[in-house]
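Comments concern the structure below.
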Amino acid sequence: MNAIRPIDRLDTAPRFSEHDAVRLNRMFRGSDTQEMLAALFADDLIDDMAVVSSFGAESAVLLHLLAEVDPALPVMFLDTGKHFPETLAYRDELVERLGLTNLQILHPELAELEAKDETGLRWSYDPDGCCEIRKVKPLAKAMAPFDASFTGRKAFQSKTRANLPRFELDTSDAAGRLKINPLIDWDASRIEGYFIQHDLPRHPLVAAGYPSIGCSPCTSRVAPGEDPRSGRWSGWDKVECGIHQPGADDDGADQPYF
Ligand code: SF4
């Protein structure tokens, strides 16, 4: 199998092109998730990879799959300062249980918080600005040395994720990183089956009516049968935190990154 190597680059040149993402999607068409992950790591197809996890309702599945192939993979967690305490406890439980050895906790810049969110209430009048300070910027800084990131996005989660490919070009900046969505074609019953098969612990808030869990001020309960992500930024015209942008086409390597 031919390796997908970052383009030999000057400092400012992109690592990958849309063509690389398309090539990877073609390469793994018909492969199941575990085969694809095993090949990515065993064949060293992409050099420096990391997973970005919210340690939310379904995060255990992707983290378990990745721990099986490389427990030392960097696991990025954005500690926005606004998480439910249950999420922080669940993060530590999962890291221990799965044997993940490279958890990296990312924090917003203190100076940015003091200048732009001194009261800690920016989420209530400018959620995009709050996500920018607490998620987008810290992640961009942490991802600078990496070539690709894994996400846990799934097509069934919302119509804005319905047509995402497994591999896409991260267009959040000019670096030309890849985003890898191993679970994009998994449905709710397959996720549930994986939890049961591997006896994975559940986020404690799922049983309380939260099928998608982010920061506490921006997460609400969801009624049975509703879009699982409708409880995120409920009441706002906002569906993603800015790490991921909505609306990618299926072939579309025109996507950025949660
Ligand atoms: S999800 Fe809400 S609290 Fe968290 S960073 Fe975004 S706006 Fe702020």
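The values are calculated or read from the model by the stated rules, or taken from the named source; none is laboratory data. Here the structure is a predicted model, which is why all the values come from computation and not from measurement. Cβ sites come from the backbone with ideal geometry, for glycine too, and all protein chains shown count toward neighbours.
Suppose we keep only residues that are farther than 15 Å from Leu200 by Cβ and among the hydroxyl-bearing types (Ser, Thr, Tyr) within region 34-83. Which one would you say is surrounded by the most Cβ atoms within 10 Å (Cβ to Cβ)?
For region 34-83, the residue satisfying everything is Ser54.
All but one of (1) part of a loop (DSSP other than H, G, I, E, B); (2) at pLDDT 95 or above; (3) of a type outside the set (Val, Ile, Thr) hold for Gly56; which doesn't?
(2)
Taking the residues in region 213-240 that are within 18 Å of Phe156 (Cα to Cα) and of a type in the set (Asp, Glu) as candidates, determine which candidate is modelled with the lowest pLDDT.
In this case the residue turns out to be Glu240.
In region 88-105, how many are among the β-branched types (Val, Ile, Thr) and either crowded, with 20+ Cβ neighbours inside 10 Å or part of a helix (DSSP H, G or I) (or both)?
Residues flagged as among the β-branched types (Val, Ile, Thr) and either crowded, with 20+ Cβ neighbours inside 10 Å or part of a helix (DSSP H, G or I) (or both) within region 88-105 amount to 1.
Considering only region 199-218, state which residues are under 17 Å from the mean Cα position of the chain (by Cα) and not hydrophobic (A, V, I, L, M, F, W, C).
Hits for region 199-218 are His203, Pro211, Ser212, Gly214.
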